[in-house]
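S.K.: Sharing a structure below in structure tokens format, with a few things to ask.
The values are calculated or read from the model by the stated rules, or taken from the named source; none is laboratory data. What you see is a predicted model, and the numbers here were worked out from it, not measured in a lab. All Cβ positions, glycine included, derive from the backbone under ideal geometry; neighbour counts span all protein chains shown.
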There are 2 protein chains.
Amino acid sequence: MSAWRERLQVDGGTTVTDRQGRDTGALANPSAVGLVAVIVAATDGEPRALTVQVPGQAGGRSDGLPAGPLVPEHPTLERGLRAWVERQTHQRLGYVEQLYTFGDRDRQGDEPHGLHTLSVAYLALVREVRPGGPAEASWRNWYRYLPWEDFRDGRPPALAEIEAKLLAWAGETADPKLRRRREDRLSLTFGLFDGAWNEERVLERYELLFEAGLIPEAQGQSGAATPGDGAVTGQPMAFDHRRVLATAIGRLRGKIKYRPVVFELMPPTFTLFQLQRTVEALSGTNLHKQNFRRLVAQQGLVEETEGVTSGAAGRPARLVRFRREVLLERPAPGFRLRPAKRPG
Amino acid sequence: MSAWRERLQVDGGTTVTDRQGRDTGALANPSAVGLVAVIVAATDGEPRALTVQVPGQAGGRSDGLPAGPLVPEHPTLERGLRAWVERQTHQRLGYVEQLYTFGDRDRQGDEPHGLHTLSVAYLALVREVRPGGPAEASWRNWYRYLPWEDFRDGRPPALAEIEAKLLAWAGETADPKLRRRREDRLSLTFGLFDGAWNEERVLERYELLFEAGLIPEAQGQSGAATPGDGAVTGQPMAFDHRRVLATAIGRLRGKIKYRPVVFELMPPTFTLFQLQRTVEALSGTNLHKQNFRRLVAQQGLVEETEGVTSGAAGRPARLVRFRREVLLERPAPGFRLRPAKRPG
DNA sequence: TCACTTATGCTCAAAATGAGCATTGTGCCG
DNA sequence: CGGCACAATGCTCATTTTGAGCATAAGTGA
């Protein structure tokens, strides 16, 4: 886009020398761009993300998200992403949406040259868990990395310790203004001080833990305290991939409320309860069963099929399928999920 | 992030030669990254975007959004954006959020080398319209560029012609499948064939017009028909900035429904009706006045001040201010706007 | 003071929610 | 084969939340 260069001169910014070698593709201000994918599936009522093994710092390996650099051969960002994912995991992607572009130089501990490294993150939803693919690719329950986000079996046990440490972090500052600010954030994100837990604020919670030094990946950052063990603050991931995962979860939790995206995760036919389990898995909360099915019914999200389940205990459930037509109808529906007092 | 390079080799991807000149900052797969800002204000009940003059193709100038390349001196993407905006428009930014990263090579008519040019777009909301700054920077009513999006005075007149052309476009294909698909999209986005108009689908509408060849910026694309004149399909912008603007409007229209972001556009004190006008300006629809104020009141979004308006016709209105505390309260509120049958 | 205009208060019916209780089919177990 | 346990489904009911209007209050300008 040569107009950029014109602009540069017009605006008096960095001047672009014209002697740059065009054949080598040298640019005035190059950046390295990476593509990262959070690939989500939900099987057996558990939310899963596809992970790969990434060489760690000390020669070990750690979990990471499928990722790779954007190269000129990629016609678009999204196509590039699909290519990397298929190569690394043999998983084909269906629904894909862009998530966020991370480019924080301070944070990622990048190149020393002052060059930027961006990561364009995507969220993908897939139906089936393909067991094949490279051995290093595997599906993991996403709460393994963010255990404090799962309220389906009541308040996560890890939260007690986390809260204690967060309170200590808020209290360790002398500046009353900063302290007040920290407390407000604790209230907003973790529901402390009589605040409410908002299941969409996944990223904010992660960021807060990061700042408070409770995330091992924060090591090497300024002012990071000693992180707790993984059982409490979750298993680490390579790079800042946990942050990317947190972003994805937060986005997905928000989106299922107003767009019928859950169906991207469901098999062709399913029961209403399986659907509910999936929504619950994503949101990390339990829903009122009867009301959930009333909602789904009145929104016309599904239609019945002939089939019913069998074999399991209890009355067989009717199999339904997603009504694609809803996409063309009224304001695109979703679920306004509201946690139930009692599970089930 | 040298780990990327390791990954590359591990995965058998592009090999990185090690002889690259580190001092020049050469990268294996460099990309040019641009930063673009949609800066929004709402004064006198009109939604405005800050534009700058950009050198056009034929030596002329056209409206564009403040933008500039990401350079190594920028500590973060957002800081880089703020720097460019301040230089180009003398406008300081308050609320800023990332919008989308555009990287479609096919579309932007980029570099011939096959290098990628990404644009990371941001949405910024500002309170006051600063008249100062370079002469080329000016506030423009955003419906100037997307006239079909404004339903405040009833159905936009431009829509009739647009719909006719879109129908023609859908009908011009022989393939019945493709035709059906086009019609579905028309229904979904423009509410044709008995569909509903969803004010959030700004981008989808723009994309559709683009594909249908009704957008002058599409010139040079394959299969583009002759675009209509600007009075109907709006004034063009440089590059793909109209697409960026459409993205911003769609995002903002969605966001005001569940986050109190409108207040970023309001002065310190304002009347409820001014607030309503602002929401209406953004959403392009009219709201029921009494219900709007009931909503605002019961959500506790504002608190009264001593002041009242004067001078204007009619009963003076009480001045209110945003209650910042709501940010810490219940699920973060916003406006669920629902168009009123009759304006006012 | 009257006419006009905009701000505010209030009412009412319809729809959407949040919680439970009641019933209906199935697989299983004596 | 009768009865039980366990889910799936149906339905009720009290609240809230919407959507639409009618009515009244309080300034401005003539």
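S.K.: Among A:Glu303, A:Glu329, A:Glu280, which is more than 14 Å from chain B (Cβ to nearest Cβ), more than 30 Å from A:Arg201 (Cβ to Cβ) and of a type outside the set (Gly, Ala, Ser)?
M.R.: Values: A:Glu329 fails: more than 14 Å from chain B (Cβ to nearest Cβ); A:Glu280 fails: more than 30 Å from A:Arg201 (Cβ to Cβ).
Of A:Glu303, A:Glu329, A:Glu280, the one residue that is more than 14 Å from chain B (Cβ to nearest Cβ), more than 30 Å from A:Arg201 (Cβ to Cβ) and of a type outside the set (Gly, Ala, Ser) is A:Glu303.
S.K.: Look through the range B:283-319, keep the residues that are closer than 30 Å to B:Ala246 by Cα and of a type in the set (A, V, I, L, M), and return whichever of them is surrounded by the most Cβ atoms within 10 Å (Cβ to Cβ).
M.R.: B:Val302
S.K.: Only one of B:Arg243, B:Arg277 is closer than 24 Å to B:Arg315 by Cβ and touching a residue at least 12 places away in the same chain (Cβ under 8 Å). Can you tell me which?
M.R.: On the way: B:Arg243 fails: closer than 24 Å to B:Arg315 by Cβ.
Of B:Arg243, B:Arg277, the one residue that is closer than 24 Å to B:Arg315 by Cβ and touching a residue at least 12 places away in the same chain (Cβ under 8 Å) is B:Arg277.
S.K.: Right, another one. Assuming A:Val279 fulfils every condition listed in (1) within 11 Å of DNA strand D (Cβ to nearest atom); (2) within 21 Å of A:Glu128 (Cα to Cα) apart from one, which condition is it?
M.R.: If we test A:Val279 against (1) within 11 Å of DNA strand D (Cβ to nearest atom); (2) within 21 Å of A:Glu128 (Cα to Cα), just (1) comes out false.
S.K.: Cβ-Cβ below 8 Å, separation at least six or inter-chain, first residue in the range A:305-321 and assigned by TED's automatic domain parsing to the domain that holds A:Phe270 and among the basic types (Lys, Arg), second assigned to a strand (DSSP E or B) and more than 7 Å from DNA strand D (Cβ to nearest atom): which pairs?
M.R.: Between residues of the range A:305-321 that are assigned by TED's automatic domain parsing to the domain that holds A:Phe270 and among the basic types (Lys, Arg) and residues that are assigned to a strand (DSSP E or B) and more than 7 Å from DNA strand D (Cβ to nearest atom), the close pairs are A:Arg318/A:Glu304; A:Arg318/A:Thr305; A:Arg318/A:Gly307; A:Arg321/A:Phe270; A:Arg321/A:Val302; A:Arg321/A:Glu303; A:Arg321/A:Thr305.
S.K.: For the subset of the range A:210-232 comprising residues that are touching a helix residue (DSSP H, G or I) at 6+ places or on another chain (Cβ under 6 Å) and modelled with pLDDT of 80 or more, which member is surrounded by the fewest Cβ atoms within 10 Å (Cβ to Cβ)?
M.R.: Here the residue is A:Val232.
S.K.: Failed condition for B:Arg324, given (1) within 14 Å of DNA strand D (Cβ to nearest atom); (2) over 25 Å from B:Asp150 (Cβ atoms), with all others met?
M.R.: Of the numbered conditions (1) within 14 Å of DNA strand D (Cβ to nearest atom); (2) over 25 Å from B:Asp150 (Cβ atoms), the odd one out for B:Arg324 is (1).
S.K.: So, in the range B:134-166, exactly how many residues are of a type in the set (Phe, Trp, Tyr) and touching a Gly at 6+ places or on another chain (Cβ under 9 Å)?
M.R.: 4
S.K.: Here's a follow-up. Just give me the residues in the range B:136-190 being of a type in the set (A, V, I, L, M, F, W, C) and surrounded by fewer than 16 Cβ atoms within 10 Å (Cβ to Cβ), in sequence order.
M.R.: B:Ala160, B:Ala164, B:Ala168, B:Ala174, B:Leu178
S.K.: Okay, next question. Hydrophobic (A, V, I, L, M, F, W, C) and near DNA strand C (Cβ under 10 Å from one of its atoms): which single residue out of B:Ala238, B:Ala313 fits that description?
M.R.: From the options B:Ala238, B:Ala313, the qualifying one is B:Ala313.
S.K.: On to the next question. Which of the residues spanning the range A:55-71 are under 22 Å from A:Val129 (Cβ atoms) and touching a Ser or Thr at 6+ places or on another chain (Cβ under 6 Å)?
M.R.: If the condition is that a residue be under 22 Å from A:Val129 (Cβ atoms) and touching a Ser or Thr at 6+ places or on another chain (Cβ under 6 Å), then A:Asp63, A:Pro66 are the ones that fit.
Every residue, every condition in (1) touching a residue at least 12 places away in the same chain (Cβ under 8 Å); (2) farther than 17 Å from A:Arg253 by Cα; (3) part of a loop (DSSP other than H, G, I, E, B); (4) not assigned by TED's automatic domain parsing to the domain that holds A:Ser283, yes or no:
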| residue | (1), (2), (3), (4) |
| --- | --- |
| A:Glu161 | yes, yes, no, yes |
| A:Ala164 | no, yes, no, yes |
| A:Trp169 | yes, yes, no, yes |
| A:Thr173 | no, yes, yes, yes |
| A:Arg179 | no, yes, no, yes |
| A:Arg182 | yes, yes, no, yes |
| A:Arg185 | yes, yes, no, yes |
| A:Thr189 | yes, no, no, yes |
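S.K.: Does the range A:53-65 contain at least one residue that is more than 9 Å from chain B (Cβ to nearest Cβ) and under 13 Å from the mean Cα position of the chain (by Cα)?
M.R.: Yes, some residue in the range A:53-65 is more than 9 Å from chain B (Cβ to nearest Cβ) and under 13 Å from the mean Cα position of the chain (by Cα).
S.K.: Let me ask you something else. Taking the range B:66-104 only, how many residues are more than 7 Å from chain A (Cβ to nearest Cβ), β-branched (Val, Ile, Thr) and within 17 Å of the chain's Cα centre (by Cα)?
M.R.: Of the residues in that region, 2 qualify.
S.K.: Of all the residues that make up the range A:241-294, how many are away from DNA strand C (no atom under 16 Å from the Cβ), of a type in the set (Val, Ile, Thr) and part of a helix (DSSP H, G or I)?
M.R.: Of the residues in the range A:241-294, 5 are away from DNA strand C (no atom under 16 Å from the Cβ), of a type in the set (Val, Ile, Thr) and part of a helix (DSSP H, G or I).
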